[in-house]
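Presented below is the structure to which this report refers.
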């Protein structure tokens, strides 16, 4: 874990208990004198270094050593318009999308998105926070929703579309917003919407699942 998000980070002293205490002492086996890094939700760009001064049975006490601004984020900005799939599949790849550096994800209710799929954005946030602490990222992915593909494309007219077509994604191609379809691809009416858009595919003969496509496309664009 690169840092720990703690509401009171920045205070002269900290008391850590609960799950973070178990992780730091029982799993990572930190001891008195060790230096740990904390950040706060409100000023996540500031890195606070704390020294462990006392370890008790169920808590540890730390003193602030230094505070420095250190912002860690991707140099590129990528907004993904992702047609809704099973939330469990989304949750599996969210940590990787966080590490890759995706800036924003808009979940789109496409015609082939199963209507019983319900997204818990608060749960997505918790998964994101865990990943951020592990990889060191200091910017949150913005999560939004869109009622349909037509609305999303109207709001994002420059969006590129991952689709079955002849054009492959080039290394030098600049993409800020990309649309990824759900399982089964776009419906006939949605295909009519994206026909005039800048479409591309990846250079592979295999058919990718939606979550595989999201990871592959984001990696190609950002890394």
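The values are calculated or read from the model by the stated rules, or taken from the named source; none is laboratory data. Just so you know, these numbers come straight off a predicted model, no measurement behind them. Positions of Cβ are backbone-derived with ideal geometry, glycine not excepted, and every protein chain shown enters the neighbour counts.
Which of the residues that make up region 149-162 are within 13 Å of residue 196 (Cβ to Cβ) and buried (at least 19 other Cβ atoms within 10 Å of the Cβ)? Within region 149-162, 153, 159, 160, 161 qualify. Is it the case, given these coordinates, that residue 117 is in the same structural domain as residue 216 (by TED's automatic domain parsing), surrounded by fewer than 17 Cβ atoms within 10 Å (Cβ to Cβ), modelled with pLDDT of 95 or more and in contact with a helix residue (DSSP H, G or I) (Cβ under 8 Å, 6 or more places away or on another chain)? For residue 117, the condition - in the same structural domain as residue 216 (by TED's automatic domain parsing), surrounded by fewer than 17 Cβ atoms within 10 Å (Cβ to Cβ), modelled with pLDDT of 95 or more and in contact with a helix residue (DSSP H, G or I) (Cβ under 8 Å, 6 or more places away or on another chain) - is not met.
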